Amino acid sequence: MYLQKQGQIPEAELDIMRVLWESGKEMSVSEIVSALSNKHLWKNPTATVLLKRLSTKGYISINRSSSTYLYAASISKNEYQSIMLRSILGGSVKSMVASLLDNNDIGENEISEIAELLEKKRIELKKD
C-alpha cells in the first residue's frame with residue numbers, strides 16, 4: 001500500500017479516520033458528516049475535500065461503483081499509530097517500547113500484557 005510520508009494527519013482528517021475506523025465499513029460523505037455533527041458543523045463539500053486529501057495520502061479508499069461514493073479506511077488504526085510512533089521515535093521499536101515504559105502511569109497489568117504481546121511476536125517470528 002502506498003502512503004505518502006506526510007507525518008501526522010491533521011486533526012480534522014483524523015476525526016474522519018476515527019469515524020471510519022469505528023464503523024469498520026464503507027460510508028457515504030453524508031454519513032460521515034452526520035457522525036461528526038456534534039464536533040464539526042461541516043457541509044458535505046467540506047468533508048469531501050478532506051476525504052480527497054486522505055485518499056491522495058493513501059489512508060482511505062473510494063468506492064465509485066454507484067452514484068454515491070463510499071469511503072473506507074485503507075489503513076487500520078493500529079497501523080497508523082505504529083507509523084506515527086516510528087516517525088516520532090526515528091523508526092526504532094526498542095526506543096518506542098522504552099519510551100512507553102518510562103511512563104510512570106504504567107501498571108503491573110499493562111506490563112504483563114506487554115510481555116504477552118512480545119512473547120506472541122517472538123513465537124510468530126520463530127514460525128517464519
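Only the coordinates and a few stated rules stand behind these numbers; no lab work does. Source: prediction; values computed, not measured. FYI the Cβ positions are ideal-geometry reconstructions off the backbone, even for glycines, and counts take in every protein chain you see.
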Residues with beta-carbon under 14 Å from that of Lys77, excluding Lys77: net charge, scoring Lys, Arg +1 and Asp, Glu -1? -3
Could you work out the relative contact order of the chain? I mean the mean sequence separation of Cα pairs under 8 Å and 6+ apart, divided by the number of residues, in percent. 22
Based on DSSP H runs of at least 4 residues, each adding -39500 (n - 2.57), what is the mean residue ellipticity at 222 nm of the chain after dividing by all its residues, to the nearest 500 deg cm²/dmol? -18500 deg cm²/dmol
Evaluate the relative contact order of region 11-73 (contact order divided by residue number), counting alpha-carbon pairs under 8 angstrom at least 6 apart; express in whole percent. 40
Report the Cα-based extents of the chain along its three principal axes, largest first, to the nearest Å. 49, 35, 25
At a Förster radius of 35 Å, what calculated FRET efficiency corresponds to the Cβ-Cβ distance of Asn109 and Glu22, to the nearest 0.05? 0.90
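Quick one: Lys52, Lys126, fewest Cβ neighbours within 10 Å first, how do they rank?
So the ranking, lowest neighbour count to highest, is Lys126, Lys52.
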Rg and Dmax [Cα atoms of region 11-73; Å; Rg one decimal, Dmax integer]: 10.4, 30
Calculate how steeply helix 11-23 sits against the longest principal axis of the alpha-carbon atoms of the chain, using the helix alpha-carbon long axis, and give the answer as 0 to 90 degrees to the nearest 10. 80
Within a Gaussian network of the chain (alpha carbon springs, distance under 10 Å), most fluctuating of Ser67, Ser28, Ser55: Ser67
